[in-house]
Amino acid sequence: MVKLTIIGRIRDGMPLTQGLRYVNEDYNNIPFYKQHAEFILKEISRGSLALNPKMTIRLDHQHSFNCLVDSGVCFITLCDSSYPRTLAFHYLEDLRHELEKFQGDQLVENITRPYSFVKFDSVISSIRKQYVDTRTQANIKKLHANSGQELNIIVESLSTVVKNRKQLDYREKVVMAPQAVSLMWSSRRLKIIALKWTPIGIAITVVVTLLLWASLVMANYVALCS
């Protein structure tokens, strides 16, 4: 079953629309699924995932995200693992075709707020209804038409994607740390402070050294006199 759908812009990883919810959906888990779908969209936007037109990201043994990338837009749907992957990508292709009808004025590129493309929510819901039952004549026909064909889909687990993101974040911190220190010491304010206080610091060091030397000389003189 198709449980969740998100369409996002790859350029900045912004989710544009997610479709309407149904009464029989598991509301307790929807925020959890949505968060992971947004994470996948962001990783595709960052280029951390191989930019293949079709990808399947396994969430767990029960669910998988199917992703279709085309013309700067990413279509993501969460399905039961038992749901035919062929139908899942047919569903995403149908969404892609419908979205093309809205692209005349570059509406997708002009959207500035997440999930504000509400005009497309009803379109998602309408197409989704066609794929809820895999046993309909239309869906059986689609399955038979694609039987034996290679879908050319990259399959990855979400845990691997998360692990790769953590490693990339760590590497970025290691690389940026010396640069941050260098930038801090190269700032104009610190240069002014250094020019102002360095001579004073040197003078204080010299005075303290002379006082210590004088105290040692006096101590030796007193010892000799006694």
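Going from the fewest other Cβ atoms within 10 Å to the most, the residues Glu156, Glu172 appear in the order Glu172, Glu156. The stretch between Ala145 and Gln35, if pulled fully straight at 0.36 nm per residue, gains 36.2 nm over its current Cα-Cα span. Along the Cα→Cβ direction, 7 angstrom out, place labels at Val155 and Ile200. What is the inter-label distance in nm? Computed distance between label sites Val155 and Ile200 equals 7.0 nm. Annotation: for a label point projected 7 angstrom from Cα along Cα→Cβ of Arg46, residues of region 155-174 with backbone N closer than 14 Å are 159-174. Working from Cα pairs under 8 Å separated by at least six residues, relative contact order for region 2-171 is 29 percent. Ordered by the number of other Cβ atoms lying within 10 Å of each residue's own Cβ, fewest first, Asp94, Asp133 fall into the sequence Asp133, Asp94.
Since every read-out is calculated from the coordinates, none of them should be taken as a lab result. Predicted model, so just to flag it, every value in this text is computed and none were measured. Cβ atoms come from the backbone with ideal geometry, glycine included; neighbour counts cover every protein chain shown.
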